[in-house]
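See structure below.
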Amino acid sequence: MVKPWVAVLCAAASLTMVFEASADARIDPATALQRQLVDGRGVKIAQLHIAEPGTWRTTGSVEFGKGKAVAADVVYRDSKAAPEARVISFPDRWYRREYPRDKSLPDGKTWFLFPAPPNGPMLDCGPIDLSHPATLKAVLRTATVKRPAGTYDKVRTTLYQGRITLGELYKANSAFRIPLDTKPAGKYAKIPVTWQIWLGKDQLVRRCRSSYAQPIIAPGLQIDERFPVTEDIRLSRWGTETDIQPPPDDQVTSYDDVDASE
């Protein structure tokens, strides 16, 4: 015979599970993402880039804070899985370390400092910024397919897929740029991006794949070309504690330092 207090606890637990399930159902992906963008938390990434002249992989982590991505620390590997470079980026600057060490750097220096990248740290699935809630919302709005899919990060997912243009991505995020810090206007705004996004039950992205013809623009050199790019990124350990730091100052050099030494 079940004792009364046991029955009460079981009933309470059942109600809690029902409430949590209902709460999950009410959370949209943009809101679920927004809740992750807090100080000192982040996500792990494993990304495959397929483009001319070859294929390479990226692994590492992205750190969040103040409602956006604030830092990234990733290692680039070639098709043989050998590390080629490590990049640490922040909104105002980024650092690159070559493997093996770049012999053109001054003695004792292993990192090169660069000015801020145009788009800053982001969870990039090609031109799609998965760390920008409005962008994620705009992309999912163009979905034409929805179906049960595989398990990623130990979570069963639902696959969404569709197509969006670079112009629509710019409307969702006015800071969005294509190469050489160019706004996607005119003919570039019409370039389509085909995409697939796998969402977990918690509405967080566990995988994203995109393909598009990336424009390369250099007006002074009269260059206006496009080449196919496909990116496939997998995300895991949402909410993991993250504290990305720049390299030690005594290991960093820059163009100013190199010019002064010549």
Verdict on ALA23 being at negative phi and at pLDDT 80 or above:
no
I'd like the full set of residues that are surrounded by 18 or more Cβ atoms within 10 Å (Cβ to Cβ), in a loop (DSSP other than H, G, I, E, B) and without any contact (Cβ under 8 Å) to a residue 40 or more places away in the chain, limited to the stretch 98-139.
PRO117
Can you tell which of ARG156, ARG207 is buried (at least 20 other Cβ atoms within 10 Å of the Cβ), at pLDDT 95 or above and either among the acidic types (Asp, Glu) or touching a Lys or Arg at 6+ places or on another chain (Cβ under 7 Å) (or both)?
ARG207
Looking only at the stretch 24-83, count how many residues are touching a Ser or Thr at 6+ places or on another chain (Cβ under 9 Å), of a type in the set (A, V, I, L, M, F, W, C) and part of a strand (DSSP E or B).
14
Per-region count, the stretch 171-200, residues touching a helix residue (DSSP H, G or I) at 6+ places or on another chain (Cβ under 7 Å) and exposed (fewer than 14 other Cβ atoms within 10 Å of the Cβ):
1
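Results for (1) modelled with pLDDT of 80 or more; (2) of a type outside the set (Val, Ile, Thr), shown as yes or no for each residue.
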site: LEU15; (1), (2): no, yes
site: VAL43; (1), (2): yes, no
site: THR58; (1), (2): yes, no
site: VAL62; (1), (2): yes, no
site: GLU84; (1), (2): yes, yes
site: VAL87; (1), (2): yes, no
site: ASP92; (1), (2): yes, yes
When both residues are 6+ apart or on different chains and their Cβ atoms are under 9 Å apart, which pairs have a first residue that lies in the stretch 163-192 and is without any contact (Cβ under 8 Å) to a residue 40 or more places away in the chain and at negative phi, and a second that is in a strand (DSSP E or B) and of a type in the set (Asp, Glu)?
none
Determine whether THR59 is touching a helix residue (DSSP H, G or I) at 6+ places or on another chain (Cβ under 7 Å), under 22 Å from ASP153 (Cβ atoms) and without any contact (Cβ under 8 Å) to a residue 60 or more places away in the chain.
no
Residues being within 12 Å of ALA138 (Cβ to Cβ) and in a helix (DSSP H, G or I): count how many of those fall in the stretch 167-197.
6
Quick check: is even one residue across the stretch 56-76 farther than 18 Å from ILE244 by Cβ and among the hydrophobic types (A, V, I, L, M, F, W, C)?
yes
Just one listed residue, out of THR135, THR142, is at pLDDT 95 or above and either closer than 23 Å to VAL62 by Cα or of a type in the set (Phe, Trp, Tyr) (or both), and it is THR135
Report every pair of residues separated by at least 6 positions or lying on different chains whose Cβ atoms are under 9 Å apart, first residue within the stretch 226-246 and without any contact (Cβ under 8 Å) to a residue 40 or more places away in the chain, second surrounded by 13 or more Cβ atoms within 10 Å (Cβ to Cβ) and assigned to a loop (DSSP other than H, G, I, E, B).
ARG226/ILE191
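The values are calculated or read from the model by the stated rules, or taken from the named source; none is laboratory data. Being a predicted model, the structure only gives us computed values, none of them experimental. Positions of Cβ are backbone-derived with ideal geometry, glycine not excepted, and every protein chain shown enters the neighbour counts.
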